[in-house]
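Everything below concerns the one structure shown next.
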Amino acid sequence: MQHALGYFAAIFIGLSLGIMGGGGSILTVPVLVYLMGVSPVLSTAYSLFVVGSTSVVGASGYFRKGLVSLKTAVVFLLPSLLAVFAVRKLLMPAIPHELFTVGSIVFTKDLLVLVAFAVLMIGAAVSMIRSQQAEEVLDEELPQRQAFNYPLILGIGLGVGTLTGFVGAGGGFLIIPALVLGARLPMKLAVGTSLVIIALNSLIGFTGDLSAGTPIAWTFLLGFLAFALVGIVLGTYLARFIPGAKLKPAFGWFTLVMGTFILLRELVLAP
């Protein structure tokens, strides 16, 4: 029954990506951990593959419409790809299983990943809840901003690559404001460019896992991906009729509840 719910959730993840252009991937790790029974660290590897593959599908639609800034993507990806590959190839395998103890809680590698992911979910949730107002402000401020800010784009790229590598999420809620503020991209162009960055970041990160010898259950992973792809194709079609901006705040509140639940479950309610 749990696995059936997990595959249904995979469709929902793709659906939200198709309608909103992002956000849904933040649920991939919790679904894999709590519904599919995959370990947290392995879930981050699987998430990179699922998020990267679904983002390729989403980005292709924006690319066909001319809503991708290749110059910005290249500048952003230079530090980001190096960071995400290094984290997956070198840092993650080097982290010991047990790290430290706080009271009665033993912080293991798996627990650290889940706590970091829950914090990321809460940050993403706040971003989605405030998304409509923030997008209007960013677009209004666009003409007054300075030219292409290379240091900002490179710095955010490095940070997002590190974050993506550690928790297995795309980080679109960080990338889009960086592209609007640092590269002066209109919002729609920023969304399309963000999907390209997320796709390449995630897939390159996954190759870091492969080169580090991470065991991959390909039959399970490809099956999960298939359901997510069904969702993103359906979501892309429904996006013509459903404004994604209207759904983001509601999805943000759901993500906030999920992130808070993970923190409480792992830090307060844990046996």
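The values are calculated or read from the model by the stated rules, or taken from the named source; none is laboratory data. Computed from a prediction, not measured in an experiment: that's the story for all the values here. Positions of Cβ are backbone-derived with ideal geometry, glycine not excepted, and every protein chain shown enters the neighbour counts. Surface areas here come from the heavy atoms of the whole protein model, side chains and all, with no ligands, DNA or RNA. Shrake-Rupley method; radii C 1.70, N 1.55, O 1.52, S 1.80 Å.
Shape of segment 33-89 from its Cα gyration tensor (a ≥ b ≥ c, root eigenvalues): rounded if a/c is under 1.5, otherwise prolate when a/b > b/c, or oblate? Oblate, because a/c is 1.5 or more while a/b does not exceed b/c.
Working from Cα positions, state the angle (0 to 90°, nearest 10) between the long axis of helix 40-64 and the longest principal axis of the chain. Roughly 20 degrees, rounded to the nearest 10. Residue ranges 159-169, 27-37 sort as 159-169, 27-37 when ordered by packing (mean number of other C-beta atoms within 10 Å per residue, highest first).
Computed from point charges on the beta carbon alone (+1 for Lys and Arg, -1 for Asp and Glu), the dipole magnitude for segment 1-128 about its Cα centre is near 460 Debye.
Among Leu222, Leu67, Leu120, whose mean-square fluctuation peaks in a Gaussian network model of the chain (Cα, cutoff 10 Å)? Highest fluctuation of the listed residues: Leu222. As I understand it, the value is the acute angle between the Cα axis of helix 244-263 and the longest principal axis of the Cα atoms of the chain; what does it come to in degrees, rounded to 10? Orientation of helix 244-263: about 20 degrees from the principal axis. Across Gly213, Gly182, Gly52, mean-square fluctuation computed from a Gaussian network of the chain (C-alpha pairs under 10 Å connected) peaks at Gly213.
Excluding same-chain neighbours fewer than eight residues apart, the lysines reachable from Lys188 by a Cα-Cα span under 27 Å are Lys65, Lys71, Lys246, Lys248. Largest mean-square fluctuation among Arg88, Arg130, Arg64, in a Gaussian network model of the chain whose springs join Cα atoms under 10 Å apart, belongs to Arg64. Roughly how many percent of the accessible protein surface of the chain is carbon and sulfur, given a 1.4 Å probe and a whole-percent answer? Ligands and nucleic acids excluded, carbon and sulfur give 71 percent. Mind checking the angle between helix 172-182 and the chain's longest principal axis? C-alpha axes, 0 to 90 degrees, to the nearest 10. Value to nearest ten degrees: 30. Pairs of Cα atoms nearer than 8 Å and 6+ residues apart set the relative contact order; for the chain it is 39 percent.
Charges were assigned to the Cβ only: +1 to each Lys and Arg, -1 to each Asp and Glu. The resulting dipole of the chain about its Cα centre is roughly 480 debye.
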